[in-house]
Amino acid sequence: MAYRVPNIEPIDLQPRVAVGISLPFNGSTGFNSTYTTAEQLKTNILSFLLTNRGERLYRPNFGANLRSLIFEQQNNFTLDQLNSIITSQVETTFPGVSVLNVDIDSQPDLNTINVSVSYGVANTNIQDQLTLAFNDIPLQ
């Protein structure tokens, strides 16, 4: 009988060696370290979704450009377009990552949009979800 060896990222084998840093920068020194590939992937996707194109030096195509749609008039067409952009851009930028579900909760009276993205990584047991809250606080 065949035994399938699980895929483990080689950088996850040393438990005390940090893989990267996480968002937000709120650690005691300003940075929080990530120690697994799953944590770093979540941070990378979060960074990608919060970045506009042209904002990153030497990588002008990096970013989902969500701000161009987030603060527009919210209707079904805009929300469907937002869903489509998130799914296609994440799967294009991060090979092996498949977006399982995008849930968008628009509350126009509160000037708030909550975006929840569930994703999985092929050939691993990594599945996670991240939630973004976009709100426009009116000036007093």
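Things to note:
- Rounded to the nearest 20 debye, the dipole size of the chain about its Cα centre is 500 debye, using +1 on the Cβ of Lys and Arg and -1 on the Cβ of Asp and Glu.
- In terms of surrounding Cβ atoms within a 10 Å radius of their Cβ, LEU79, LEU57, LEU130 rank from fewest to most as LEU57, LEU130, LEU79.
- Positive-end residue of PHE48, ASN111, TYR58, charge dipole of the chain with Cβ unit charges: TYR58
- With bins 10 Å wide beginning at 0, the percent of Cα pairs of region 18-135 falling in each bin runs 12, 42, 35, 11, 0.
- Under 5 Å, built H, 5+ apart or other chain: amide partners of ILE21: THR34
- Options SER33, ILE70, VAL99, ranked by Cα towards positive dipole end of region 18-135, top entry (Cβ charges): SER33
- Paramagnetic reach from GLN73 (point 7 Å along Cα→Cβ, amide N under 18 Å) across region 106-123: 106-112
- Arranged from fewest to most other beta-carbon atoms within 10 Å of their beta carbon, PHE77, PHE94 become PHE77, PHE94.
A short reminder: the numbers here are calculations on the coordinates, not readings from a lab. Computed from a predicted model, the values in this text were never measured in an experiment. Positions of Cβ are generated from backbone atoms using ideal geometry, with glycine treated the same way; all protein chains shown enter the neighbour counts.
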